[in-house]
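Below is one structure; the comments refer to it alone.
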Amino acid sequence: TNEGIRAALAEGGYECVVTLNDDVVVPPEFLSELVAAHRRHPHAIIGSQCYDIRTGRWYSNGVRRNWLLARDERVSQEVGTEVVRVTHVCARGTLFPCRVFDEVGLFDEEHLRMNGDDDLTFRAAERGWDVLVSTKARLYCHIEATPVTAQLRRFSLKNLFDYLFHFKSSTQLKKRFLMTYRHCRPRWYWPISLVLDVIRVVGGYFRRTLLPRGVRS
């Protein structure tokens, strides 16, 4: 992704860059909706709504980080709302004004080989950029194919290890530490938030893999 962004910036003349994951399908109007949202909100990173490609059901409008509870809280599907404000956004289908990269740099290649999108959008927000999700820009994702989904299908020591340490896992402990240390607000709360996050992540794995479905809910 960084190589593509570098090439666009070096070539020049571009106002924005749109990042796409390799496991998404976008409808024909996807880019035009992102650009329309950019025209209305030029000082913003703009993500898209995610739908499950298998079922066609709405999956996510984006999330807001609650540092005090150490968790991401999904934004509800708000009828009639053009954009929703979030704290950070996944880059699976996201428009970045090129000025963002000039101000805050690219994705963290050294420490965050995956999930660097969260870090980049947090950094941009700290520099005054809005982080929004367009409710009209929709894409379809292979939700069941994500590494965490596979790791939660059944309990095993290998799945637990991958859940906590594999670089492709969104619950990787290294990533959780870095994100909390860098971006937790209020700043002094980060050690407590990190402890709560680790307890929630580890406890959530055992709850979702060992308890019967009725007990989990």
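Results, tabulated for the structure shown:
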| item | result |
| --- | --- |
| Some residue of segment 116-125 being under 30 Å from Leu194 (Cα atoms), touching a helix residue (DSSP H, G or I) at 6+ places or on another chain (Cβ under 7 Å), among the small types (Gly, Ala, Ser) and assigned to a helix (DSSP H, G or I) | yes |
| Top-ranked residue of segment 35-80 - restricted to ones that are touching a residue at least 40 places away in the same chain (Cβ under 8 Å), closer than 21 Å to Ile143 by Cβ and among the aliphatic types (A, V, I, L, M), ranked as most open to solvent (accessible area, probe 1.4 Å) | Ile53 |
| Matching residues, segment 152-176, being within 18 Å of the chain's Cα centre (by Cα) and surrounded by 15 or more Cβ atoms within 10 Å (Cβ to Cβ) | Tyr163, Leu164, His166, Ser169, Ser170, Thr171, Gln172, Leu173, Lys175, Arg176 |
| Residues (over 23 Å from Leu164 (Cβ atoms) and of a type in the set (Asp, Glu)) located in segment 75-116 | Glu78, Glu82, Asp102, Glu103 |
| Segment 104-151, residues that are open to solvent by 20 Å² or more (accessible area, probe 1.4 Å) and of a type in the set (Ser, Thr, Tyr) | Tyr140, Thr146, Thr149 |
| Flag if Thr19 is at pLDDT below 95, hydroxyl-bearing (Ser, Thr, Tyr) and more than 30 Å from Val202 (Cβ to Cβ) | no |
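The values are calculated or read from the model by the stated rules, or taken from the named source; none is laboratory data. All values reported here derive from a predicted model rather than from experimental measurement. All Cβ positions, even for glycine, are placed from backbone atoms using ideal geometry, and neighbour counts span all protein chains on display. Quick note on the areas: whole protein, heavy atoms, side chains included, nothing else; ligands and nucleic acids left out. Shrake-Rupley method; radii C 1.70, N 1.55, O 1.52, S 1.80 Å.
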